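Take a look at the structure set out below.
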Amino acid sequence: MDVLPVPLPSAKMAAVEKRRLPVAQAANFTGSGRSGVSRAAATAESEEDFLRQVGVTEMLRAALLKVLEARPEEPIAFLAHYFENMDLRSPANGGAGEPPGQLLLQQQRLGRALWHLRLAHHSQRTAFNNNVGVAYECLSARGRKKKPGLDGRTYSELLKRICRDGEAPEEVVAPLLRKIQCRDHEAVPLAVFRAGMLTCFVLLEFVARAGALYRLLEDPGLAVADRHVGQAVLDTLEGALQASDDTTPARYLEAGSRLGPDSLALAMDRALVAQRPSAPMTREEFLEKAAALFIAKVKPVG
């Protein structure tokens, strides 16, 4: 049987096959690219899920919100300090230093609570209240053998630290502390804690404003003020505070700020007209009396 000869490809068919080869290679390259992109997308998605599951995403989001609230001059240093001061917020960390490092651990928590409380001014109500909540969590963290909660001793210690760091004279703030402190063994709820923190910060600002007011009254050479003039200003301040029926501490600042130059000048003029000899009024006495007007408006705890 004769074997039929195999026909050789024509020049036209060869040209068609040559065109097919690059197309096939391109198709194969596209398919491999698609699989590479899908693998990269899956990897990115798994990494994102991991960050979300371990809490990093939420932690970074909270940190950025704090930056937006505080708007610090050095955001990077602020973030570094923020992460440094958040590691004791979890109650799970409470057992690490017990019992040998309990005192040190408590001081660290007080420091972190103070740091969070100072992140926002009390006039920024939402941010301040959020920071108060974080500070409360810092101080409420306990070890595995203790239930979470804040006792009166820790609460009172924090109040003292706030007043001491605010550089207010001890005799000025002592009456307030006696009024809003709790007993050492008492459990302090968040509402009481928030009210105490707000009252302390407002009092410090009130005393600072009273100090600025005293500088306007004092004799530069003697560093004291005329008693009649000082008492007249205090009487005017008392009238402004009594006119405010609101018991919110921040409202006391607003009442004091309504003392315009005209009303103060009128009170000072009336005092100077009397021209009665009197002993001078010192700055300490003026601040103590001004703070007493504020403290009289504060409701005691319990």
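The values are calculated or read from the model by the stated rules, or taken from the named source; none is laboratory data. Bear in mind the structure is a predicted one, so any value in this text is a computation, not a measurement. Every residue, glycine as well, gets a Cβ built from its backbone with ideal geometry; the counts of neighbours run over all protein chains shown. Just the protein is used for accessible areas: all its heavy atoms, side chains included, with ligands, DNA and RNA removed. Shrake-Rupley method; radii C 1.70, N 1.55, O 1.52, S 1.80 Å.
For the range 213-228, enumerate the residues that are over 13 Å from THR282 (Cβ atoms) and either crowded, with 18+ Cβ neighbours inside 10 Å or of a type in the set (A, V, I, L, M, F, W, C) (or both).
Passing the criteria: LEU213, LEU216, HIS228.
Mind checking which pairs have a first residue in the range 99-118 that is surrounded by 12 or more Cβ atoms within 10 Å (Cβ to Cβ) and a second that is part of a loop (DSSP other than H, G, I, E, B) and at pLDDT below 90, Cβ under 7 Å, 6 or more apart or different chains?
That search, which allows pairs on different chains as well, returns GLN108/LEU88; ARG109/LEU88; ARG109/ALA141; ARG112/ASN85; ARG112/LEU88; TRP115/ASN85.
Could you say which residue among LEU198, LEU264, LEU234, LEU259 is touching a helix residue (DSSP H, G or I) at 6+ places or on another chain (Cβ under 7 Å), more than 28 Å from LEU158 (Cβ to Cβ), surrounded by 14 or more Cβ atoms within 10 Å (Cβ to Cβ) and at pLDDT 85 or above?
Working: LEU198 fails: more than 28 Å from LEU158 (Cβ to Cβ); LEU264 fails: at pLDDT 85 or above; LEU259 fails: at pLDDT 85 or above.
Exactly one residue qualifies, and that residue is LEU234.
Take the residues in the range 136-194 that are open to solvent by 70 Å² or more (accessible area, probe 1.4 Å), part of a loop (DSSP other than H, G, I, E, B) and among the basic types (Lys, Arg); name whichever of them is modelled with the highest pLDDT.
Of everything passing the filter in the range 136-194, ARG183 is modelled with the highest pLDDT.
Quick test of your reading of the structure: ARG209 fulfils all but one of (1) open to solvent by less than 50 Å² (accessible area, probe 1.4 Å); (2) touching a Gly at 6+ places or on another chain (Cβ under 8 Å). Name the failing condition by number.
(1)
In the set ALA243, ALA296, which member is of a type in the set (Gly, Ala, Ser), modelled with pLDDT under 80 and out of contact with any Gly (no Cβ under 9 Å at 6 or more places or on another chain)?
Values: ALA296 fails: modelled with pLDDT under 80.
Just one listed residue meets the conditions, ALA243.
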